[in-house]
Amino acid sequence: MKNLKFVAIIAILLVLFTIQPTEINARNGISFATTGSDGSSAHRMPTVTPGELRSYATIHSIGIEWDITGDENHNAECSVQYRALGTTDWQPALPLFRVDFNGENMLAGSIFFLDAATSYEIRLTLSDPDGGSDTRTVTVATRAVPQLPNGRVFHVIPGSGGGDGSNANPFQGIAAAQTVAQPGDTFLLHAGSYENEGEVQFDAAGTAGQYIVWKGAGDGDAVLDNVRIAAGHIWLEGLKIVGNPYGLRTYSAPQDVVITRNTFSGCHYCIYLNHGGENWTITDNTISGDVLPESGSFGGEGIELQHSSGHVVAYNSITHVADGVSYPQRNCDIYGNDIFDVSDDGIEPDYGYANIRVWGNRISNAYHNGISFQPMNGAPWYIFRNQVAAPAESALKFRDAVDRALIAHNTFIGWQGAQKTGAQYLLSVQSNNNLWISMTDWYAWENGVGGAANWKTNLDYDGFDWNGYSLAFKWGERYPDLPSFQAATGLETHAIHIDKNTCFEALDIPNPPPAPMPIQYITLKPTCNAVDAGVALANINDDFLGAAPDLGAYEVGAPLPHYGVRPVAALALSATPGDQMLFLRWTVTVSPPVTSTWQIDFGSGTAVFPPVTGLPADTRTHTLNGLTNGVQYTVTLRAMLDGSPFLTDTVSAMPVGNFIYLPLLLR
């Protein structure tokens, strides 16, 4: 019997030793391989396991964060496709970035250039060569472009109380007007100084889609000392704010605030979300602070978002501050801004987390750096199609904690070296299709510590000019030209050397910062070797015109972008949907002749309805009734004189039922 027990024990041990470790681990929910692809003994990493998926949007962008576990070797990938809900064709976007940084283990990224107020299907396909996959489709809606409400209209003049808000008997002072404020109301502030009211606290809240609007009446400057936004769904437009040190601040993290076409003058912190705020729209403001560029000051901000999220900061003109735009937290779009003569950095997303998007901005004469990465708290960031010229330090401020970012199609011009310090941090980013130019003799990239490519690195298809300096790159060692740098590092294998003196249509930077420089578009000549020298990037440069994308911020032959405050159209028509109706409102920047009239033409598809004619010249609103809900109508407004139109604008909008909200307005 003892011999039988001994034989049985030996048999069990033999079985256990012949079971592969993959079988044992699989029983515990983890799969490891014990051999490599060549049959050698090697562990494979744990398979990727998808976790929580988060999505969010601004007006024209969508962001994704998809948590995972496993994938310690960072080779999991996630492709991205998108389409408007109800359409059939999928469009590609850039893959999500693999992020293993600051406690986050995920894939994350953004989709750009989407239509406002539109639902999109996003198809995400996750795969890992080591095992594990998933496909998920999520539906995400972009936000609507804010629209003025069609509620009551009141008039306000400077004063200390009284009035009923009528044109004949305006409210005397903003405080008096606020006592009656309700969602959907518009208050027209007539010319004069409201500074005697001190800090104006706007604390009467609107509701979603029904802002409380405080707007310049258009008869001269309505001047306020400084303001606090202390409630959500407030709209400020056409005001002049002259407070110092603060222009505008917040209380209680107000949501969905619109700050547009205002002038901020002489402020140290001009727009400062010191007590937070989410989902603001800050556009077309003129901001001139009290900080001279030659001071080199680090304090005083144009627009400080103070670590808050969901904002759109676009088409502002910003000067005489330390930093133009600073401290977005997550899911923020910063584009179309004209930032010049600032004492520190042009744009400073410092401490930001995932999906910070900075594109299409022009930064001129930033004393220290163009765009700051000091530090990143999360990833990815997107920095593309910006023109930066010509900071004294570097195009990009790298100091520590740099992680995944797309840096693409930028024109980076430095006075002495495009990236004079911290170039080693580029090993964590994707840099494609940029121009890195030095105005004077210096390295294009300067990195005193060296470093090799890792799983994050994608540096290729860039263009460089070191202005004839005897050394082109410093990367631990010094390299006299691009081929020697490529051979030694394996980086930038498709990069090119360009000549700034022959490549640009105009490049006028006569003196180092802080000396002013002409505001300009630094565009390529068609004969430059940077034309058609780039690589295609889905959803970023889909509209390139030649055999391949051009390097730098501008595509030869494409329309130039607009920077700063957009001009006001002579006629601007808007349409607010309602139940079987559209409420039309329009503004004009010229005074139509008293003998002119307005004509409204409208239709849906092939159906055209009789026009509305003969509206008097001073008419600014009209309601189209008897329409069909869920049908898209095109409406054209014309100012008519002697039977001919002299002003025209067109919008499309869809009436909706009482229990449906579809903020659909297309221009």
Open item on the list: I'd like to check something: does the range 137-154 contain any residue that is within 17 Å of W455 (Cα to Cα), open to solvent by 50 Å² or more (accessible area, probe 1.4 Å) and in contact (Cβ under 8 Å) with a residue 24 or more places away in the chain?
Closed with: no
Task: Among the residues listed as D128, D164, D89, the single one being surrounded by 14 or more Cβ atoms within 10 Å (Cβ to Cβ) and either more than 22 Å from the chain's Cα centre (by Cα) or more than 30 Å from L582 (Cα to Cα) (or both) - done: D128
Task: Of residues in the range 597-618 being surrounded by 13 or more Cβ atoms within 10 Å (Cβ to Cβ) and in contact with a Pro (Cβ under 9 Å, 6 or more places away or on another chain), the one modelled with the lowest pLDDT - done: A617
TODO: Go over the candidates A168, A181 one by one and state the one that is farther than 30 Å from Y82 by Cβ, without any contact (Cβ under 8 Å) to a residue 12 or more places away in the chain and not aromatic (F, W, Y).
DONE: A168
Open item on the list: Residue under question is G243, and the condition is that it be over 20 Å from L224 (Cα atoms), touching a residue at least 40 places away in the same chain (Cβ under 8 Å) and in contact with a Cys (Cβ under 8 Å, 6 or more places away or on another chain); does it hold?
Closed with: no
Open item on the list: One residue is enough: does the range 619-636 have a residue meeting the conditions at pLDDT below 90, in contact with an Asp or Glu (Cβ under 7 Å, 6 or more places away or on another chain) and among the small types (G, A, S)?
Closed with: no
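Condition check ((1) small (G, A, S); (2) at pLDDT 95 or above; (3) surrounded by fewer than 21 Cβ atoms within 10 Å (Cβ to Cβ); (4) touching a Ser or Thr at 6+ places or on another chain (Cβ under 6 Å)) across all residues:
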position: T260; (1), (2), (3), (4): no, yes, yes, yes
position: S265; (1), (2), (3), (4): yes, yes, yes, yes
position: I271; (1), (2), (3), (4): no, yes, no, no
position: E301; (1), (2), (3), (4): no, yes, no, yes
position: V313; (1), (2), (3), (4): no, yes, no, no
position: T319; (1), (2), (3), (4): no, yes, yes, yes
position: N331; (1), (2), (3), (4): no, yes, no, yes
Open item on the list: Suppose the filter is open to solvent by 10 Å² or more (accessible area, probe 1.4 Å) and in contact with a Ser or Thr (Cβ under 9 Å, 6 or more places away or on another chain); does Y335 pass it?
Closed with: no
TODO: Give the residues of the range 630-644 that are open to solvent by 60 Å² or more (accessible area, probe 1.4 Å) and in contact (Cβ under 8 Å) with a residue 40 or more places away in the chain, sorted by residue number.
DONE: R638
Open item on the list: Being modelled with pLDDT of 95 or more, within 18 Å of the chain's Cα centre (by Cα), of a type in the set (D, E) and under 21 Å from E104 (Cα atoms): is that true of D350 here?
Closed with: yes
Open item on the list: Going by what's in this entry, would L435 be described as hydrophobic (A, V, I, L, M, F, W, C), crowded, with 24+ Cβ neighbours inside 10 Å and in contact with a helix residue (DSSP H, G or I) (Cβ under 9 Å, 6 or more places away or on another chain)?
Closed with: yes
Task: Filter result (closer than 23 Å to I234 by Cβ, open to solvent by 40 Å² or more (accessible area, probe 1.4 Å) and over 17 Å from the mean Cα position of the chain (by Cα)) within the range 275-299 - done: H275, T286
TODO: Taking L627 as the residue in question, decide whether it is more than 30 Å from L545 (Cα to Cα) and either of a type in the set (D, E) or in a strand (DSSP E or B) (or both).
DONE: no
- [ ] Could you list, in sequence order, all residues of the range 451-510 that are assigned to a helix (DSSP H, G or I), open to solvent by less than 40 Å² (accessible area, probe 1.4 Å) and of a type in the set (G, A, S)?
- [x] S484
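Here's the yes/no breakdown for (1) modelled with pLDDT under 95; (2) under 31 Å from the mean Cα position of the chain (by Cα); (3) among the aliphatic types (A, V, I, L, M):
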| residue | (1), (2), (3) |
| --- | --- |
| E446 | no, yes, no |
| A453 | no, yes, yes |
| Y479 | no, no, no |
| F485 | no, no, no |
| A488 | no, no, yes |
| I498 | no, yes, yes |
| I509 | no, yes, yes |
Task: Pairs, first under 22 Å from R54 (Cα atoms) in the range 338-355, second part of a loop (DSSP other than H, G, I, E, B) and aliphatic (A, V, I, L, M), C-beta under 7 Å, six or more apart - done: G352/M376; A354/A379
Task: Qualifying residue in the range 567-589 (condition: closer than 21 Å to I413 by Cα and surrounded by 19 or more Cβ atoms within 10 Å (Cβ to Cβ)) - done: no
Task: Candidate set: the range 530-549, residues that are more than 22 Å from the chain's Cα centre (by Cα), free of Cβ contacts under 8 Å to residues at least 40 places away in the same chain and surrounded by 15 or more Cβ atoms within 10 Å (Cβ to Cβ); chosen: the one farthest from Q387 (Cα to Cα) - done: A548
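Condition check ((1) in a loop (DSSP other than H, G, I, E, B); (2) among the basic types (K, R)) across all residues:
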{"residue": "H562", "(1), (2)": "yes, no"}
{"residue": "R566", "(1), (2)": "yes, yes"}
{"residue": "A569", "(1), (2)": "yes, no"}
{"residue": "A572", "(1), (2)": "no, no"}
{"residue": "A575", "(1), (2)": "no, no"}
{"residue": "P593", "(1), (2)": "yes, no"}
{"residue": "F602", "(1), (2)": "no, no"}
Task: Listing of strands (runs of 3 or more DSSP E) fully contained in the range 193-246 that carry 2 or more residues being touching an Asp or Glu at 6+ places or on another chain (Cβ under 9 Å) and open to solvent by less than 10 Å² (accessible area, probe 1.4 Å) - done: 212-216, 226-229
Open item on the list: Among (1) among the charged types (D, E, K, R); (2) without any contact (Cβ under 8 Å) to a residue 24 or more places away in the chain; (3) not in a loop (DSSP other than H, G, I, E, B), there is one condition E446 misses while meeting the rest; what is its number?
Closed with: (2)
Open item on the list: Between a residue in the range 516-529 that is at negative phi and among the polar types (S, T, N, Q) and any residue that is at pLDDT 95 or above and open to solvent by 20 Å² or more (accessible area, probe 1.4 Å), which pairs come within a Cβ distance under 7 Å, given they are 6 or more apart or on different chains?
Closed with: Q520/D508; T523/E505; N529/I496
Open item on the list: Condition check: under 20 Å from Q255 (Cα atoms), small (G, A, S) and open to solvent by less than 20 Å² (accessible area, probe 1.4 Å). Does G173 satisfy that?
Closed with: no
TODO: Keeping to the range 48-76, report how many residues are open to solvent by less than 60 Å² (accessible area, probe 1.4 Å), assigned to a loop (DSSP other than H, G, I, E, B) and out of contact with any Phe, Trp or Tyr (no Cβ under 9 Å at 6 or more places or on another chain).
DONE: 6
Task: Wholly within the range 77-165, strands (runs of 3 or more DSSP E) carrying at least 2 residues that are out of contact with any helix residue (DSSP H, G or I) (no Cβ under 6 Å at 6 or more places or on another chain) and farther than 29 Å from R330 by Cβ - done: 153-157
Open item on the list: Given the criteria within 14 Å of the chain's Cα centre (by Cα), small (G, A, S), at pLDDT 95 or above and open to solvent by 10 Å² or more (accessible area, probe 1.4 Å), does S309 qualify?
Closed with: yes
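The values are calculated or read from the model by the stated rules, or taken from the named source; none is laboratory data. Small disclaimer: the values here were computed from a predicted structure and weren't measured. With ideal geometry, Cβ positions are generated from the backbone for all residues, glycine too; neighbour counts draw on all protein chains shown. Heads up: the accessible areas ignore ligands, DNA and RNA and are worked out on the full protein's heavy atoms, side chains in. Shrake-Rupley method; radii C 1.70, N 1.55, O 1.52, S 1.80 Å.
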